[in-house]
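Novice: Below: one structure in structure tokens.
The values are calculated or read from the model by the stated rules, or taken from the named source; none is laboratory data. Quick caveat: nothing in here was measured; it's all calculated off a predicted structure. Here the Cβ positions follow ideal geometry from the backbone for every residue, glycine too, while neighbour counts run over all protein chains shown.
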Amino acid sequence: MNSRSLLAGLLLASAVMPAPAQVPAPSASRACLPAVEAGWVRLPPMSMPMLAGFATVRNDCPAPVTVVSVSSPAFGAVELHESTVVGGVSRMRAVPRLRIEAGETVVLEPGGLHLMLMQPVSMPKAGDRIEMVLTLDDGRQVRSRWQARAGGPH
């Protein structure tokens with residue numbers, strides 16, 4: 001086979017062969033995670049089986065994110081709750097999912113959205129840093145450390 005025949009064969013083969021599969025790069029929205037800021041856990045005046053957690057969750061991502069669960073190695077169970085006043089009566093209900101729109105900030109605060117931290121492994125002390133893990137609906141996780149405090153935010 002001469003060099004012209006070989007070259008022609010290679011050109012023909014490359015023209016009919018499919019291009020190699022490209023692995024898509026992760027999209028900017030998939031790579032982007034919301035930020036948890038100023039997280040803190042309110043310490044009760046006496047040992048109790050339930051505490052509350054508060055923070056600011058900022059979604060600077062180009063797409064909405066949805067928090068579907070929260071966990072912590074320091075607690076047996078963590079739930080997102082919302083306190084509301086209906087007809088002059090304060091009520092608290094579990095919130096199964098928290099959608100945070102692109103560019104939106106959600107504040108977890110006393111009297112509103114907050115975390116109920118149940119079954120503490122051991123009672124935290126003021127100044128302790130407690131790991132919290134927010135799990136998104138696509139399985140990604142946002143890890144942060146929240147400070148244990150007596151009273152309110154400082």
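Matching residues to (1) at pLDDT 50 or above; (2) in a strand (DSSP E or B); (3) more than 17 Å from the chain's Cα centre (by Cα); (4) closer than 30 Å to ARG149 by Cβ:
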site	(1), (2), (3), (4)
LEU11	no, no, yes, no
PRO20	no, no, yes, no
ARG30	yes, no, no, no
ALA63	yes, no, no, no
ALA77	yes, yes, no, yes
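Novice: Check whether at least one residue in the stretch 123-136 is aliphatic (A, V, I, L, M), closer than 20 Å to VAL67 by Cα and more than 17 Å from the chain's Cα centre (by Cα), and report yes or no.
Specialist: No; the residues of the stretch 123-136 include none that is aliphatic (A, V, I, L, M), closer than 20 Å to VAL67 by Cα and more than 17 Å from the chain's Cα centre (by Cα).
Novice: For the stretch 88-101, which positions are aliphatic (A, V, I, L, M), under 23 Å from ALA35 (Cβ atoms) and either loosely packed, with under 12 Cβ neighbours inside 10 Å or touching a residue at least 60 places away in the same chain (Cβ under 8 Å) (or both)?
Specialist: Residues of the stretch 88-101 that are aliphatic (A, V, I, L, M), as a first pass: 89, 92, 94-95, 98, 100.
Now drop any that are not under 23 Å from ALA35 (Cβ atoms), which leaves 95, 98, 100.
ILE100 - this is the single residue of the stretch 88-101 that is aliphatic (A, V, I, L, M), under 23 Å from ALA35 (Cβ atoms) and either loosely packed, with under 12 Cβ neighbours inside 10 Å or touching a residue at least 60 places away in the same chain (Cβ under 8 Å) (or both).
Novice: What pairs come up if the first residue lies in the stretch 138-149 and is closer than 11 Å to PRO34 by Cα and in contact (Cβ under 8 Å) with a residue 40 or more places away in the chain, the second is of a type in the set (A, V, I, L, M, F, W, C) and outside any strand (DSSP E or B), and their beta carbons are under 8 Å apart, counting only those six or more places apart or on different chains?
Specialist: If the second residue must be of a type in the set (A, V, I, L, M, F, W, C) and outside any strand (DSSP E or B), the pairs left are ARG140/LEU33; VAL142/LEU33.
Novice: What residue, among those in the stretch 46-68 that are in contact (Cβ under 8 Å) with a residue 60 or more places away in the chain and over 13 Å from MET116 (Cβ atoms), is surrounded by the fewest Cβ atoms within 10 Å (Cβ to Cβ)? Reasoning before the result, please.
Specialist: First, pick out the residues of the stretch 46-68 that are in contact (Cβ under 8 Å) with a residue 60 or more places away in the chain: 47, 49-55, 57, 65-68.
Pick out the ones that are also over 13 Å from MET116 (Cβ atoms) and you get 47, 55, 57, 65-68.
Details: SER47: 8, ALA55: 24, VAL57: 22, VAL65: 23, THR66: 12, VAL67: 21, VAL68: 15.
Only one residue fits best here, namely SER47.
Novice: Quick check: is even one residue across the stretch 68-90 under 14 Å from THR135 (Cα atoms) and in contact with a Lys or Arg (Cβ under 7 Å, 6 or more places away or on another chain)?
Specialist: Checking the stretch 68-90: at least one residue is under 14 Å from THR135 (Cα atoms) and in contact with a Lys or Arg (Cβ under 7 Å, 6 or more places away or on another chain).
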